[in-house]
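A quick write-up on the structure given underneath.
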Amino acid sequence: MKFFVKNFINGVITFVPIILAIYVCYKVFAFFDGLLGSYVRPYFKDDYIPGIGILCTIILITVLGWLSTQYISGKIIRLVDRLLESIPLIKTVYSVIKDTITSFVGEKRSFSKVVLVELPNTGMKCIGFITSEEVANWLNPLQDHVAVYIPQTFQVAGITFLVPKEQVEVIDMKPEEAMKFVLSGGMASSKKKGLPET
């Protein structure tokens, strides 16, 4: 019985992460390939190769990105942008999606500064990411605060706190490592050199 349990656990530890990683990658690949793949597939018929849809999506996004930098097409895109941001309900969805994307990519991306925030009267600290250092733009009394996003363990969720600047300590840690540390409940640190000393 012990032999069975031991090898079953070894199998779970060894192969389940591999299977889940492959499955997630496959689903992501199938999703992005299907964005334009369903439109170009009829032209290729039996010669369609999986991945052509992703290639077409990348090319389309690149072309649209180039058009956004041109004078006439850029003005049209900015006009559409202002239009979407002026329509009730749509502007909320559009703004959230736009801000979320720009927080991960681009020159103004957030999640680039990893910080430690001490919980009041506990001595405990949690890892977070500065998402905005311009909180005073929408509420002046908070001019000495920054927005810190605290992700939650084992789930894609989190809480945003408005923390006084003097209580936020920026640490020398890659955002990817910090996110992995938090989402894994600290278990990912066993394979790393650990958190920087503070």
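Below, the figures for the structure above:
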| quantity | calculated |
| --- | --- |
| Residue that is farthest from MET187 (Cα to Cα) [pool: residues in region 1-17 that are open to solvent by 80 Å² or more (accessible area, probe 1.4 Å) and among the aliphatic types (A, V, I, L, M)] | MET1 |
| Single unsatisfied condition, LYS113 versus (1) in contact with a strand residue (DSSP E or B) (Cβ under 7 Å, 6 or more places away or on another chain); (2) charged (D, E, K, R); (3) farther than 30 Å from LYS180 by Cα | (3) |
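The values are calculated or read from the model by the stated rules, or taken from the named source; none is laboratory data. Source: prediction; values computed, not measured. All Cβ positions, even for glycine, are placed from backbone atoms using ideal geometry, and neighbour counts span all protein chains on display. For accessibility, only protein heavy atoms count, side chains too; no ligands or nucleic acids. Shrake-Rupley method; radii C 1.70, N 1.55, O 1.52, S 1.80 Å.
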